[in-house]
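The block underneath contains the structure these notes are about, expressed in structure tokens.
The values are calculated or read from the model by the stated rules, or taken from the named source; none is laboratory data. Just so we're clear, the structure is a prediction, and the values are computed from it rather than from any experiment. All Cβ positions, even for glycine, are placed from backbone atoms using ideal geometry, and neighbour counts span all protein chains on display. Ligands, DNA and RNA are stripped out before the accessible areas are found, and what is left, the full protein with its side chains, is counted by its heavy atoms. Shrake-Rupley method; radii C 1.70, N 1.55, O 1.52, S 1.80 Å.
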Amino acid sequence: KNGDWTENLGATDLLADLPLDTDIPVIQDGHNIPILKNGIYRVEYHPAAEVVRVTLLEEDVIVEPKVYVDASLTGWEIIGVWAWNLNDGSINYTGGSWPGVQLTETIVVDDITYYVWQAPSELAGETIGFIVNDFGGGNQTENLNVTLGSEPVYVTLTEVGSNDKWLADVVTEN
């Protein structure tokens, strides 16, 4: 029943984006068929054979943007980050209250230990405001612009600037 399928899937051509783990209204042996991957599916109903074919056409790739922070020159014992939306400063990605979140995860790349901040996946492709701080001790970087993507962004604190805030290099390649 083509109309029923269209209504249930929310599409007019039987091609729809379906969220992960959504049960589509296809009955097979009395059970809904689960969608196992995010993506675009084609659902075909063959009434003569009483068969429904579900084909994954395009799988969504979920990007998990990360920022790697090298604060080794600072002498700070605790590293924190504060991140916000550059267009609307009231939108914060690190808990909403200063000094943000403490970084505890580390990774070693080319013999340098970096602290890791995992950004929300929906920020992939966005440029955000970013501050590295000593998590309440009064020291921090200047406001940095960080563009998040599929590769880690490397933030290396380099020296204290004229305003007593740390300067940093921000690069997308190590």
Cross-chain or 6+ apart pairs with Cβ under 8 Å, the range 135-152 first and touching a residue at least 60 places away in the same chain (Cβ under 8 Å), then open to solvent by 70 Å² or more (accessible area, probe 1.4 Å) and among the hydroxyl-bearing types (Ser, Thr, Tyr): GLY149/THR172; PRO152/THR172
In the range 116-150, the residues that are part of a loop (DSSP other than H, G, I, E, B) and aliphatic (A, V, I, L, M): ALA119, ALA124, LEU148
Those residues of the range 118-127 which are open to solvent by less than 50 Å² (accessible area, probe 1.4 Å) and closer than 14 Å to THR172 by Cα, in sequence order: ALA124
Residue list for the range 151-173, filter: within 24 Å of the chain's Cα centre (by Cα) and either loosely packed, with under 13 Cβ neighbours inside 10 Å or β-branched (Val, Ile, Thr) (or both): GLU151, VAL153, VAL155, THR156, ASP169, VAL170, VAL171, THR172, GLU173
Out of ILE33, ILE27, sole residue that is open to solvent by 80 Å² or more (accessible area, probe 1.4 Å), modelled with pLDDT under 70 and over 30 Å from GLY125 (Cβ atoms): ILE27
Odd one out for VAL108, checked against (1) assigned to a strand (DSSP E or B); (2) over 17 Å from the mean Cα position of the chain (by Cα); (3) surrounded by 13 or more Cβ atoms within 10 Å (Cβ to Cβ); (4) not acidic (Asp, Glu): (3)
Extreme residue, surrounded by the most Cβ atoms within 10 Å (Cβ to Cβ), among residues of the range 72-101 that are among the hydrophobic types (A, V, I, L, M, F, W, C) and within 12 Å of ASN133 (Cα to Cα): VAL81
The lone exception for GLY96 - which of (1) on the phi > 0 side of the Ramachandran plot; (2) touching an Asp or Glu at 6+ places or on another chain (Cβ under 8 Å) it fails: (2)
